[in-house]
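Okay, structure first, notes after.
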Amino acid sequence: MKKIFYNESNKLRKEIYVLMLSVTLFIGAIVFTENYISAEQPQKYEKPTEAEIKQRLDSAVEAGKLTQEEADEKLQAILSGEMKKRKTSKSNQTQIRL
């Protein structure tokens, strides 16, 4: 008789633990999602304007990181869309080497 009562009590205890764990996880999930919902939405990336690109290249020339000819070449490549092609082709080359 004791074994039957003990097994039923043990089963009840397990069910209570599972219920408590489920409630705790549920409340934790609610708190966790509220933090993400209330966070600011990330701003979308905007392409720099031609003036901003020129300004960055000019500052690189003034700092001595680029020559004026290199800056002009980069500006033309960026405006024509050639830089994107270079980046993708370089990444493909590195993948092929691996």
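Structure values in brief
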quantity: Full-stretch length increase - K65, R13 - with 0.36 nm per residue and alpha-carbon distance subtracted; calculated: 11.7 nm
quantity: Pair Q55, L21: separation of 7 Å Cα→Cβ label points (nm); calculated: 5.7
quantity: Extension gain (nm, one decimal) between A77 and A29, 0.36 nm per residue minus Cα-Cα; calculated: 12.4 nm
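Values in this text are rule-based calculations from the coordinates and carry no lab data. Everything quoted here is computed from the prediction, not taken from an experiment. Here the Cβ is made from the backbone with ideal geometry for all residues, glycine too, and neighbour counts use every protein chain on show.
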